[in-house]
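None of the figures in this text is laboratory data; all of them are computed from the coordinates on show. Please read all numbers here as calculations on a predicted model, not as lab measurements. Counting neighbours? That spans all protein chains shown, and the Cβs are built from the backbone with ideal geometry, glycine included.
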Amino acid sequence: MLTLNGSRLSSFCDRVTRRSFMQIGGLFLGGMTLPRLLHAEQASSARAASGGVPSGSQRQRGVIMIYMPGGPPHQDMYDLKPDAPSEVRGEFDPIATSVPGIDICELMPRLAQRMDRFSIIRSLVGSDGAHASSLCVTGAPYGNKVQGGAPHFGSLVSAVQGQTHRAVPAVADLSEIMQHAPYNIGGPGFLGSVHQPFRPDGETKENMQLREGLSQRMDDRRSLLTTFDRFRRETDARRTLGGLETQVEQALDVLTSSRVMEALDLNREDPKVRERYGTDDEKILPYSYLGYRALVSRFLVARRLIEAGVRCVTVSFADFDWHGANFAHGRKVLPVFDQAITALVDDLHDRGLSDDVSVVAWGEFGRTPRINPAAGRDHWPQVSSALLAGGGMKTGQVIGSTNRLAEAAQTRPVHYGEVLATLYHNLGIDIDAATVRDPSGRPRYLIDSHRPIPELIG
C-alpha cells in the first residue's frame, strides 16, 4: 500500500525513504508493477501491427463479458419447452418478444421488449463439463495443460493491441473472488504478468486513491521525479534501475490520472442511469457470502471502464449451480439479471457505443432437462446457451436450436471457440494473422480452428 503521506518521511535528507520509493515504484496493478505494466505497453504497441488494430486507432472497441458461474439453466431462460413433459418443462412460462417467433422466460420482460438488440445462441456446444470459467474466458478446457497456462482473452488482446492510453490498462476483471476456485477468472497465463487483468479492488484501489498529503506532493510530477533522482544518487548511486526511468514517470501519470479512478467512481454517474441498472442485492442467494453476489453496479462500472479506454472487461454475476430450488432461485435472480443486462445494452446504444462494444453473457454449461427430486437441475455439458449484443453484430435473432427436451443441439451447433473468435473479430483483430509467442518462443494464434459466427457478422 502507498505510505507516502507527507508527514512521517525520514531516513534521508530529502525526507523520502528508500522503502517508500520502492513502494511507489512497485505499486501493484492486479499483481503487476506499474513500471512493468507501462514497459509492456510500449512493447505491445510496437507489436500491434501483427494482426491487431494499433493502439492509436480512432475507434475504441471493447468487449464486456458477463460470466454466469455454475451453469445457467438454458431451458428456464432462453429455450423453454412448454410442450415437454412436466418433469422437463419446469415452472416458468414463455412470453413473446419484440421479434416475432422468439419466446423467452416470463421473468425477463425487459429483454423480451428489446429482443431486437440481442441475439440468442440456443445450441452452444463444446463444454468440457468442468465447473470453471476457463472455457468462457480462455477458450481452453479447464483440464487443458497449456504450458504456462491459457491466457485470459483480454490478456491476448492486450498483447496484440496494447493499451489505448498510457494511464489505462487494456484488460480489467470486476469479478468476485469466489470460494470455488475454478470459478475465478483466469490470468495472463503464459503471456506473463505484464498482461495481468487489472482488478480495481482491495489494496489496488486504495493505492490509486491519493491521500491528501501525497496528492499535494505529487502535483508537480517533475519535482517529485527530481526528488527521486536525488534520492537515487545519494543513497543508491551504484544501483542501476535498468532503464525504467520512463516507466516510473508513466507510473506517476497513472497515479495522478483521473481516467481510471473516475470510471470506478459511480458517484460521478447520472443517478437516473444508475437507477436503470437496479440495486445491488448482496443477499440474493443463501450462499452469496461465498463470493457469488448479484452485483449489478459492476455492469455499469464495466461500461465506464470501456469508455475510459479499457479494451476488455470481465464481470461475474451470481451463481447458477441450482441443484435444488432451481425455480425459487430463478425468481430471485433472473429479474435482476434482466434489468441489469438490458440497462447495459440500452446504455451502450444511448451513448453511441453499440457498434463498437460487444456484450456476451454465458456460463460453462447448461442444466439437465429432467428436474431432480430437489426441484433443481444438475450439470449438463451437452448443450447450453449464450446471449450477445452490440459490437455491430446482427441482432434480433436466435441461432441454433435444441431437440424437444432441450437435451442436445438439433440445428447449427455453435462452439464456445466460435463465440470468442467473433469477439476478436469485433475488436478488429485478424485471427488469421494475429499471434503471440508461447513459452517456447513459437507463435500461437489467439484461437485454434474456430471461425467467427457468420450469422452475427454477415
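Descriptive notes on the structure:
- Near ARG114, once Lys and Arg are set to +1 and Asp and Glu to -1 for all other residues with Cβ below 13 Å from its Cβ, the sum equals -2.
- Region 402-458 and region 258-336 have Cα centres lying 27 Å from one another.
- Net charge of neighbours whose Cβ lies under 15 Å from the Cβ of GLN75, counting Lys and Arg as +1 and Asp and Glu as -1: -3
- Under 12 Å, Cβ to Cβ, from ALA406 - net charge with Lys/Arg +1 and Asp/Glu -1: +3
- Among the trypsin sites (Lys or Arg not before Pro) in region 400-450, those placed in a DSSP loop whose Cβ has at most 14 other Cβ atoms within 10 Å are ARG404.
- Look at where the Cα atoms of region 85-142 and of region 345-389 average out, and the two centres are 5 Å apart.
- For ALA294, residues with placed amide H under 5 Å, excluding near neighbours: ASP281, ILE284, ALA318
- Backbone geometry of region 85-96 corresponds, through the Karplus equation with coefficients 6.51, -1.76 and 1.60 at θ = phi - 60°, to 3J(HN,Hα) couplings of x, 4, 6, 10, 6, x, 9, 9, 9, x, 10, 6 Hz, x marking Gly and Pro.
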